[in-house]
Every structure is written in structure tokens, then in C-alpha cells.
Amino acid sequence: MIDLYSLNLEQLEALLAGWGEPRFRARQIWAWLYDRRVSTFEAMTNLPKPLRARLQAETTLGVLETVAEQSSYDGTVKRLYRLPDGQMIESVLMLYDDDRRTACISTQAGCAMGCVFCATGQMGFARHLTTAEIFEQAVRFACDLEAEGERLSNVVLMGMGEPFHNYEASVAAVRRLMNDLGIGARHITISTVGLVPQIRRFADEGLQVKLAISLHAATDAEREALLPVNRRWPLRELLAACAYYIERTGRRVSFEWTAIHGQNDTPEQAHALGKLLRGMLCHVNIIPLNPTGGYPYGPAAAERIQQFIAILAEYGVSATVRVRRGIDIDAGCGQLKASVLKRGRQPSST
Ligand code: SAH
Ligand code: SF4
């Protein structure tokens, strides 16, 4: 079976030419896939019935099989998919009041980076996702939204896995999101734990995509304890790569700060961070920790976070707290898969 989402327009044209179809059919199908965003062949009403039947018999619309889905009171939808080889990944759709519809998608099954507070890191690495597997996660939400008269507006590569560890497939998927699904570069964010050579490489791609760096600590000792990758790429090298990115692209960098009670929410860390980022074209996103089974700490208190932001302001560094979405459904990275495995059954849909 040929996965239609894995083909580019030229490949789709070649497939249909091989079937003896007229040239314009490929563009018709392409429009159904990525403009009208239907998820069945029956819905492609301007195609002749025999062609629809052949598509049905010889091709598929994607490879992701939904194993579990949860919806939050705030409208967040979290999905667990099974891949053809049995691996499982998660995608999340977040709805914001300002009409943004944001898909958070995975780039790997598991992750090799081992960040101590992350449910995906606690699972270890299984494999890289293909470009089509990354891309399809966004397409699926785009189709669901389209059926309700809405449009997917943003995509963040912040699900399971480290996008820059799977650099080629992740960047190729980003290009497809832009070119095929029509998501503007400025509405796409790649989040990285801080792989320095890839940050520099990404700076040279000439894309206007947003870059987020998972910082979480402002001294090497504290960062190493949370993110093992800091031993390979310490703060000095990471910040130099960020400066290079800003210089090359003229774009602001976002720093992610998972605020952990009693760990990185102290005035000392705030001052260290202020000194580190002073004068840089950047913004700090503070996200209270989503507690996970394998890590004993909880989220920083709201007053602590406000104090942290006030200290950063003394250094001219802007920071905001990110609203936590889907907190009632474990919509943190890797948490649905962890909870399904633990219970040994599918969580009920709500
Ligand atoms: N691997 C990439 C992208 C996926 S993780 C990266 O690390 O940036 C996306 C974000 O979620 C990262 O900033 C990560 O540090 C954060 N994160 C992971 N586990 C979390 C948790 N339990 N609570 C809050 N944020 C978490
Ligand atoms: Fe991997 Fe990101 Fe989780 Fe770290 S936080 S283990 S890099 S997915």
C-alpha cells in the first residue's frame, strides 16, 4: 500500500500517470488532501468512481492508527497513535481563545536525551520518525478541524523526541508543513534541548521558523543535573550558537524554562539567568513542571514565578508564564503513553 501523505506532488503525478490517468487528476487529489483536507476517498467527489476504488484498494491516507484519545475541559485533545511497526507516539491539539489552533507533534518514538523530568526521556529512545510520520500528525488535526469549519493555524515540534537529533526528517517535515499544508513559517516552532551543531546548521537554512531552546537552568552544574546533554554542549557553547542564530536570521530566540519547585525557581537562578541573557534578542517562556512518575518534584508556586519574572526584568529580559493546556489529561510530553502503559489498557475517551 502506498501512503499518499508520503508523496510529494511530482510523485503523486507519477503514480497517476502510471495508472493511465489524465494529468490534472493529481492536482485534484492534492487539493482534496491539503486544501479541502478530507480524510476519505469517498469525499473526493469530483473523481470518477473507478479511480476512487483503485485509490481505496492500493493506497492509504496515512499510517497512524489512533489507540487512545483524551479531551480536556479546555478543549485540548491528546492522541496516542500506533505506527506500523508497533511504536507509539503522541500528538496534542491546543485551542486558544484568539483562534489559534496549535498542533504539538512528535519527531521520534521515545528520546535519547534523558532529561530527568520528562516522561519521554524516562522511556528511552526507540527510533526516528520519518518525514511522513511527522507531517501526518499535523495533517490529521488539520482534517479534523476542517470538518468542523476550522483551520489549523500553528504547529510546534514539541511532542515526543528531539527534533534536531532527527534533523533531516524534522526539517523536511517543516518544509512540507509550509509548502503543502500552507502553515506560515512564523507559525511553526521547533524546540530543541540544545544540540549545538544543529542549531548552527538550522541558522543557515534560511527559514523564518521560530526556534525554542529548552534551557531550564542558568548554571552548568544545575543544567547538567536536569539535562545530561549539557555535559556535551555546556551553556557557553549553547549561548554562542543562539547568538549565531540571531545574527544569521535576525530572529528572536525563545528560551523554555520548566519551573520546578525548590530547584530552578530560586532568586539565585533568576539572577544567573538574567546575567546570561542580558542584551540578547530573546524571550523566556516559563512553564510550571507537569509532574511525572519518574521525577519526585512538583511545579514552582505562582508567587515564586512572579518573583522570578521580576528579577529577570531587572536585567531587561522579558519573560511570561505559559498557560498550561490539557493539564487534567497529562498532556505533557510522553505522559499519555506512560499512563497507558502503566494501566495496561486504553484510557477512556471523554
Ligand atoms: N526535545 C525537545 C522538544 C520536545 S520536549 C526539547 O526538549 O526541547 C518540549 C518541551 O517540554 C521542552 O522544553 C521540555 O523540556 C518540556 N518538558 C518535558 N517534560 C516536561 C514536564 N514534565 N513538564 C513541563 N515541561 C516539560
Ligand atoms: Fe527528549 Fe525533549 Fe524530553 Fe529532553 S525534554 S528527554 S530532549 S523530549
* Structure fact -> Flagged pairs (Cβ under 7 angstrom, 6 or more apart or on separate chains; first in segment 208-221, within 11 Å of ligand 1 (Cβ to nearest atom); second among the hydroxyl-bearing types (Ser, Thr, Tyr) and outside any strand (DSSP E or B)) are Leu211/Tyr245
* Asked: Is it true that Tyr96 is touching a residue at least 24 places away in the same chain (Cβ under 8 Å), assigned by TED's automatic domain parsing to the domain that holds Pro288 and away from ligand 1 (no atom under 16 Å from the Cβ)?
  -> no
* Kindly provide the set of residues from segment 99-126 that are under 16 Å from the mean Cα position of the chain (by Cα), under 19 Å from Glu65 (Cβ atoms) and away from ligand 1 (no atom under 12 Å from the Cβ), ordered by number. => Ala103, Ala109
* Top-ranked residue of segment 208-232 - restricted to ones that are surrounded by fewer than 21 Cβ atoms within 10 Å (Cβ to Cβ) and more than 19 Å from Glu162 (Cα to Cα), ranked as farthest from ligand 2 (Cβ to nearest atom) -> Gln208
* Does segment 73-101 hold any residues that are among the polar types (S, T, N, Q) and open to solvent by less than 10 Å² (accessible area, probe 1.4 Å), and which are they? -> Thr76, Ser91
* Asked: Among (1) within 9 Å of ligand 1 (Cβ to nearest atom); (2) within 17 Å of the chain's Cα centre (by Cα), which single condition is Ser170 missing?
  -> (1)
* Structure fact -> Listed by first then second residue, the pairs whose first member lies in segment 227-246 and is assigned by TED's automatic domain parsing to the domain that holds Gly114 and in contact (Cβ under 8 Å) with a residue 24 or more places away in the chain, whose partner is of a type in the set (Ser, Thr, Tyr) and open to solvent by 50 Å² or more (accessible area, probe 1.4 Å), with beta carbons under 6 Å and at least 6 positions apart or on separate chains, are none
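The rows are residues; the columns are (1) within 30 Å of Arg25 (Cα to Cα); (2) in contact with a strand residue (DSSP E or B) (Cβ under 7 Å, 6 or more places away or on another chain).
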position: Glu65; (1), (2): yes, yes
position: Gly86; (1), (2): no, no
position: Leu95; (1), (2): no, yes
position: Ala112; (1), (2): no, yes
* **Selection count, segment 28-62, where residues are part of a helix (DSSP H, G or I), touching a residue at least 12 places away in the same chain (Cβ under 8 Å) and under 14 Å from Leu16 (Cβ atoms)** => 9
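The values are calculated or read from the model by the stated rules, or taken from the named source; none is laboratory data. This is a predicted model, so every value here is computed, not measured. Neighbour counts run over all protein chains shown; Cβ positions are idealised from the backbone, glycine included. Accessible surface is based on the protein model in full, side chains and every heavy atom, while ligands, DNA and RNA are left aside. Shrake-Rupley method; radii C 1.70, N 1.55, O 1.52, S 1.80 Å.
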